[in-house]
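Quick note: the coordinates plus some simple rules give every number you see, no bench work behind them. Note that the structure is predicted; figures quoted are calculated from it, not measured. Cβ coordinates were reconstructed from backbone atoms using ideal geometry, including for glycine residues, and neighbour counts include every protein chain displayed.
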Amino acid sequence: MKSFLLIAMFTFAATAQAAVVDDLLAEYAGQGATASSPEAGRENWYKNWSVNGEQRSCTTCHGKDLTQSGKHKKTGKTIDPMSPRLNRERLTDRKKIEKWFRRNCKWTLGRECSAEEKANFLVFLRNQ
Amino acid sequence: MLKHKLTAVVLLLGVGAVSADDDDHGRMAKQDPTYVNECGECHLAYPPSLLSAQAWRGIMGSLGDHFGDNAELPQAERQRILAYLEQNAASGFRASIFASPGSENQARITQTRRFRHEHNEIPKRLWRDNEKVGSLANCEACHGDAKQWRFRERRINIPGYGAWDD
C-alpha cells in the first residue's frame, strides 16, 4: 500500500510539473518562441553574464549541480535543488516560475529573458 | 501565607520584566503567509517590527534594486505586503531604536540601533568570517527559532562555537 501511495505521489507530482511546463511553453510559443532547445537552455544556465561589471550566472546561487542545494550568494540562505526529479515542488507553480524568471533574468542577464530564452530554460530544467 | 504569595508574585513579575528585555516575545506580529512566502525565499522573512513603517515603504518602493538584487513583485502582492508591514512596523519609541540612520530608501535592519546593541559584542570571526554564518542578516544561522520570529538568547547556537552568554 505504502509503495503504491509513493508511486501515486510521484506520478501526481510529475503530472503537475508536466502540465505547468506545457502550459508555459504554449504561452511562450504564442509570444514568438520557436522550437525550444534544451541545449540552448543548458548553455544559458551555465554561462557567465557580465552585468554591472560583475560576472553572474544561474550557478552563482543555484550551484553547478542541480541535484544539490544552492546557496544565496549574499545572504547564505539555502536554496532547494532545482532538479524537478529530486525536488517535486519545482516547476509546479506557474506564478512562482514567472516571478523568478523576472527577478533572476533581470539580475543575472541584466534584462528580462525573451520568450525563447525562458522556453529553453524550461525544456532544459524539466529533464534534470 | 499571603506574604509568601505576594513575594512569589513580585518575584515572578520581576523575572518576567527581565526576560522581556532579552527578546521580543509577545511583540511579534502574526505571520502573514504572503509576506513569508514572497519575502522569505532569499533570506529570513524579517519580523515587521524590526523597522519603522517609513523604512518598509522605502524598501517596498525599490524592489528592483533590493540591496543589489532584484526582488520585484506583482503589484497586488506588493501592495498587500506593504500594508501588512506598515500595520506591524515599529512605532512610537520603538521606531526610534529601530531607526536606520543615513539610509534613504534602503534601511538595513542590521544597522538599527537596537540591532547593533544586541550584536556588537560578537567577534567578527564568529559571524563575518564564519563560513556557516557570513552575515548578521543570516539570522537562522545562529537563531534556531528565527523562522518563528523568536530570538531568545538562551536558544542561540553559533555554528562552530556554541551558546552565547552575555
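Observations on the structure shown:
- Put simply, the Cα atoms of the protein assembly as shown extend 83, 57, 39 Å along their principal axes, the longest span coming first.
- For B:S96, net neighbour charge (Lys/Arg +1, Asp/Glu -1) across residues whose Cβ lies under 12 Å away: +3
- When the GluC sites (Glu not before Pro) in segment A:1-106 are filtered for DSSP coil states and for at most 12 other beta-carbon atoms within 10 Å of their beta-carbon, the remaining sites are A:E89.
- Extension gain for the segment B:E140 to B:R154, taken as residue separation times 0.36 nm less the Cα-Cα distance, is 3.6 nm to one decimal.
- Fully extending the segment from A:D80 to A:T11, taken as 0.36 nm per residue of separation minus the present Cα-Cα distance, adds 22.8 nm.
- Potential lengthening of the chain between B:Q54 and B:R125 amounts to 22.2 nm, from the contour at 0.36 nm per residue minus the alpha-carbon distance.
- To the nearest ten degrees, helix A:115-125 and the longest principal axis of the Cα atoms of chain A are 50 degrees apart.
- Residue pairs exceeding 23 angstrom between C-alpha atoms, taken from A:K47/B:K147; A:K73/A:K96; A:K47/A:K71; A:K73/A:K106; A:K47/B:K124; A:K2/A:K71: A:K47/B:K147; A:K47/B:K124; A:K2/A:K71.
- Residues whose amide H falls under 5 Å from that of B:A90, counting only those 5 or more places apart or on a different chain, are B:L50, B:L51, B:S52, B:A53, with hydrogens built in the peptide plane.
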